[in-house]
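Working notes, beginning with the structure itself.
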Amino acid sequence: TRTQVAIIGAGPSGLLLGALLHKAGIDAVIVERQSGDYVLGRIRAGVLEQVTMDLMDEIGVGARMHKEGLVHGGFDMLFQGQRHRIDMNRLTGGKNVMVYGQTEVTRDLMDARKQAGLTTIYEAANVAIHDFGAGKPRVTFEKDGKSHELQCDFIAGCDGFHGVCRDTVKKSAFASAIREYEKVYNFGWLGVLSDTPPVHHELIYVNSERGFALCSQRSNTRSRYYLQVPLTDKVEQWSDQAFWDELKLRLDPEAREHLVTGPSIEKSIAPLRSFVTEPLRFGRLFLSGDAGHIVPPTGAKGLNLAATDVKYLSAALIEFYQDKSEAGIDHYSERCLKRIWRAERFSWWFTTLMHRFPENGEIGQKLQEAELDYIVHSETGARSVAENYVGLPLDFGT
Ligand code: FAD
Ligand code: DHB
């Protein structure tokens with residue numbers, strides 16, 4: 001079989017790209033290693049920036065998001081026992097974020113894809129990409145024990161951090177052209193999802209003596225909480241009771257009082273990493289989303305960056321097919337990387353500000369406290385956090 005764009009991975013970036021290309025009349029097939037249910041079962045991001053909301057609207061799948069999503073105009077920062085609200089809406093001249101889970105984004109995109117009769121090949125085994133250096137790229141995979149080949153003009157590597165595309169580049173003629181920048185943090189986030197009302201109507205980012213905590217939510221009846229834990233911790237060590245007890249110890253008295261606990265419906269530990277691949281284009285292969293970069297989760301930039309990558313990629317491919325111009329695909333990498341590094345900087349900074357780093361000593365602790373104090377008491381400091389949190393404008397710096 002043949003298609004114009006072969007998309008590897010049916011996570012948010014692959015599905016969004018498929019939808020954007022379809023809207024422009026460009027043919028694409030998505031090849032995904034897992035089943036649709038498996039993809040939906042992964043509990044990940046929860047906060048959408050305006051650019052991501054706009055993208056959902058642009059492709060016509062925004063209705064449920066607007067109906068069920070929660071618009072947030074601010075969040076709290078809790079440190080030294082005190083809560084301080086960052087009024088994002090006021091500080092950014094009216095911008096907000098939307099609390100709407102990645103699971104829901106994925107579900108809406110999967111449903112739209114099904115309705116439009118577009119092809120997603122789930123449970124494809126041994127997916128491999130070939131010949132992207134030349135003009136005739138190919139994707140091979142196995143499905144139900146049979147081998148398949150997909151010929152295409154371009155390959156979009158939307159296959160996440162552990163995908164096959166970036167790995168293949170490293171073993172190809174492009175090996176010397178790829179550069180990876182990486183920082184691994186020595187703690188992780190233990191996350192719990194529960195059908196309990198959120199402790200507060202907005203998110204609370206907590207820097208406590210016992211480590212970072214985050215009180216987030218998915219709806220008015222579903223909460224998502226995270227705790228900073230050592231990387232050596234295993235999720236099995238954490239009973240629900242132990243999780244709630246530890247969370248309470250990291251909260252202020254008022255939040256502790258209001259916290260409603262209940263059985264967890266998901267519990268997992270995610271490591272934290274800053275990671276960027278340069279460049280993001282290798283001949284006729286493009287990397288988008290987590291396949292090309294990872295941010296530590298503090299500040300919720302991961303999914304939103306994936307969305308802007310594919311927005312840029314779809315624009316570039318549309319230029320290629322409609323205007324016969326390679327300018328867009330030539331600029332794809334540079335354009336994405338500018339925005340990626342800005343989000344990497346913010347996510348690294350916000351992670352550094354909110355977590356405990358005993359290895360930085362007492363002076364590290366004092367400097368962190370001084371920075372927190374500055375942020376919440378300076379209009380300029382607070383505005384800098386707010387501006388980044390809601391997402392920098394697409395034309396930032398131009
Ligand atoms: P993915 O969602 O990873 O999708 C990639 C897809 O490719 C997957 O479906 C995978 O099965 C498929 N795939 C992989 N290999 C192959 C292959 N060889 N062949 C075919 N298909 C393949 N971001 C936030 O903003 N807030 C959060 O709280 C948050 N929490 C997170 C928690 C975890 C545990 C993780 C891993 C990420 C989290 N993120 C969070 C980041 C956010 O979820 C990602 O940035 C987002 O999922 C990126 O989307 P993507 O489509 O690029 O990658
Ligand atoms: C969520 C995750 C984040 O990393 C964040 O900064 C805010 C919310 C969440 O999963 O709800």
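The mean sequence distance of close C-alpha pairs (under 8 Å, at least 6 residues apart), as a share of the length of the chain, puts its relative contact order at 20 percent.
The C-alpha atoms of the chain occupy a region whose extents along the principal axes are 62, 44, 40 Å, arranged from largest to smallest.
Along the axis of the charge dipole computed for region 32-134 (Cβ charges of +1 for Lys and Arg, -1 for Asp and Glu, origin at the Cα centre), the listed residues GLY93, GLY36, THR119 are led at the positive end by GLY93. Listed by chain and number, the lysines whose C-alpha is less than 25 Å from the C-alpha of LYS114, apart from same-chain residues fewer than 8 away, are LYS23, LYS67, LYS143, LYS146, LYS311.
At 37 °C and a viscosity of 0.692 mPa s, what translational diffusion coefficient does Stokes-Einstein give for region 65-123, taking Rh as the Kirkwood radius over Cα pairs? Give it in µm²/s as a whole number. Working shown, then result.
Details: Rh = 14.4 Å.
In µm²/s, the coefficient is 227.
Connecting C-alpha atoms closer than 10 Å in a GNM of the chain, tell me which of LYS67, LYS114, LYS143 has the biggest fluctuation. So, out of LYS67, LYS114, LYS143, the one fluctuating most is LYS67. In units of the rule-of-thumb radius 2.2 N^0.38 Å, region 17-153 shows an alpha carbon radius of gyration of 1.38. Estimated purely from DSSP H runs of n ≥ 4, each contributing -39500 (n - 2.57), the mean residue ellipticity at 222 nm for the chain is -12000 deg cm²/dmol once divided by its residues.
Would you mind working out the magnitude of the charge dipole of region 142-292 relative to its Cα centre, with +1 at each Lys and Arg C-beta and -1 at each Asp and Glu C-beta, to the nearest 20 Debye? Present the calculation step by step, with values, prior to reporting the outcome.
Numbers: 19 positive and 22 negative charges, 88 e Å.
Value, rounded to 20: 420 debye.
Projected onto their three principal axes, the Cα atoms of region 34-89 cover extents of 45, 26, 18 Å, largest first. Ignoring lysines fewer than eight residues from LYS234 along the same chain, the ones with Cα atoms less than 27 angstrom from its Cα are LYS183, LYS248, LYS267, LYS301. Within straight-line reach of LYS338, meaning a Cα separation under 13 Å, sit the following aspartates and glutamates at least 8 residues removed in sequence or on another chain: GLU278, ASP309, ASP395. Cα extents for region 260-398 along the principal axes, largest to smallest and rounded to whole angstrom: 58, 41, 31. Here the average projected area of the convex hull drawn through the C-alpha atoms of region 181-269 stands at 6.2 nm².
Within the chain, which complete DSSP H helices have Cα atoms spanning at least 27 Å along the helix axis and a mean Kyte-Doolittle hydropathy of -0.5 or higher? Don't skip to the end; give the middle numbers.
On the way: long enough: 302-323 (31 Å, 0.36); 327-354 (41 Å, -0.46).
Sorted by number, the helices that extend far enough and score high enough are 302-323, 327-354.
Expressed as a whole percent, how much of the Cα-Cα distance distribution for region 78-212 exceeds 24 Å? Summing the P(r) of region 78-212 above 24 Å gives 61 percent of all pairs.
Taking the Kirkwood radius as Rh and the Cα radius of gyration as Rg, region 277-346 has a ratio of Rg/Rh equal to 1.00.
Here the alpha carbons of region 212-252 define both size measures, Rg and Dmax, at 11.0, 33 Å.
In debye, nearest 20: dipole of the chain around its Cα centre with unit charges on the Cβ of K, R (+) and D, E (-)? Provide the component values of the computation, followed by the final result.
Details: 46 positive and 52 negative charges, 103 e Å.
Computed charge dipole of the chain: roughly 500 debye.
Here, each number is a calculation from the coordinates, and none is a lab measurement. Only a predicted model underlies this, so the values are computations on that prediction, with no experimental measurement involved. Because the Cβ atoms are built from the backbone with ideal geometry, glycine has one as well, and the counts that use them run over all protein chains shown.
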